[in-house]
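Below is one structure; the comments refer to it alone.
Since every read-out is calculated from the coordinates, none of them should be taken as a lab result. Since we're looking at a predicted model, the values are computed, not measured. Ideal geometry is used to build each Cβ from the backbone, glycine not excepted, and the neighbour counts take in all protein chains shown.
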Amino acid sequence: MFFENAYFIRGSAYAGKSTTVKLLAEKYGGIQCEENYHDRLLDELDSKEFPCLTYTHDLKDWHGFIRRTPEEYLAWVDGVAKECEILELRILKDLCKQGRPVFVDTNISLETLREIAPHDHVLIMLADPMISVNRFFERPDREKQFLYKLIMEEPDPEKALENYRQGLMLINSQERYDRYLNSGFNVIKRDENRTVEQTVLLAEKAFGLTTQNVR
């Protein structure tokens, strides 16, 4: 598969990936594949084929989710990303046939992206690794607040919170940041002094987008 009309954004949390995908899709009349767009296929997954994505389906005690060791949490997150890639490729195969530009907040690996898309159709967006660790529970979305509630219900909430933060630190390690930074793809780093509109303009430039060359 080779997706000539898809534009992929990969990188770290809090870098502006979702917002950029949304605004580009709106501007260019494209299809928006927002964060976790693969969720539409979750109900039909076989747990043997997709053990990480179906991990929570039959979870009887959610406290077990937040009690995992940092290493177990990291292995699960990496497993989810690999399984998501399979689903994303299935979805994109059909979406890209529609002829419209497709803007993707993706889990697809750097290695696969090099094979399935033009080099300038991949953009890396990065935020300082510690932002994701320190601000993980600041976002109001239901999932993160649910996890925070579970942690606060633990016999030792401070210990439970630190255990979870250690997992976040593994996921958002400097090593992973550097791998993205040195991937060879165009990179946009988070800048608190830059507006959302300015970030979108940088993304357009990286993708080589204009209203003339995108229909």
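Computed on the Cα trace of the stretch 6-198, the radius of gyration divided by the Kirkwood hydrodynamic radius gives Rg/Rh = 0.97. From the mean inverse distance of alpha carbon pairs (Kirkwood) and the Cα radius of gyration, derive Rg over Rh for the stretch 22-64. We get a ratio of 1.20 for the stretch 22-64.
By the count of other C-beta atoms within 10 Å, a proxy for reagent exposure, Tyr148, Tyr164, Tyr55 are ordered fewest to most as Tyr55, Tyr148, Tyr164. Taking amide H positions as modeled 1.01 Å from N, with prolines and chain starts lacking one, the residues under 5 Å from Tyr7 and 5 or more places away or on another chain are Val102, Phe103, Val104.
Its relative contact order, with pairs defined as Cα atoms under 8 Å and 6+ residues apart, puts the chain at 35 percent. Each label was represented as a point 7 Å from its Cα along the Cα-to-Cβ direction; for Phe146 and Thr210 these points are 4.7 nm apart.
The aspartates and glutamates whose alpha-carbon is closer than 16 Å to the alpha-carbon of Lys97, local same-chain residues fewer than 8 away aside, are Glu4, Glu88.
Of Leu168, Leu41, how do they rank once you tally other Cβ atoms within 10 Å and put the fewest first?
Ordered from fewest to most neighbouring Cβ atoms within 10 Å, Leu168, Leu41 come out as Leu41, Leu168.
For the chain, what does the helix formula give at 222 nm: sum of -39500 (n - 2.57) over DSSP H segments with n ≥ 4, over the residue count, nearest 500 deg cm²/dmol?
Dividing the helical sum by the residues of the chain leaves -14500 deg cm²/dmol.
Backbone phi angles across the stretch 113-130, fed through the Karplus curve with coefficients 6.51, -1.76 and 1.60 (θ = phi - 60°), yield HN-Hα couplings of 4, 5, 8, 10, 9, x, 4, 7, 9, 10, 10, 9, 10, 10, 10, 3, x, 6 Hz in residue order; Gly and Pro are listed as x. Near the amide H of Asn186, within less than 5 Å, lie the amide hydrogens of Ile124, all on another chain or at least 5 residues away, with H placed in the peptide plane. Checked against a 19 Å cut-off, the cross-linked pairs Lys22/Lys205; Lys27/Lys205; Lys60/Lys149; Lys17/Lys93; Lys48/Lys82 give Cα-Cα distances beyond that limit for Lys17/Lys93. If R0 is 22 Å, the Cβ-Cβ spacing of Asn193 and Asp128 corresponds to a FRET efficiency of close to 0.95.
Legend: calculated FRET efficiency, Phe137 to Arg40, from the Cβ-Cβ distance at R0 = 35 Å, rounded to 0.05, equals 0.85.
Across the stretch 149-164, coupling constants 3J(HN,Hα) worked out from phi with the 6.51/-1.76/1.60 Karplus curve, θ = phi - 60°, read 4, 4, 4, 5, 8, 5, x, 10, x, 5, 5, 5, 5, 5, 4, 5 Hz, and Gly and Pro carry x. Its Cα gyration tensor gives the stretch 72-178 an equivalent ellipsoid. The semi-axes, each the square root of 5 times an eigenvalue, are 32, 16, 13 Å from largest down. Here each label is just a point 7 Å from Cα along the line to Cβ, and for Gln174 and Glu4 those points are 4.4 nm apart.
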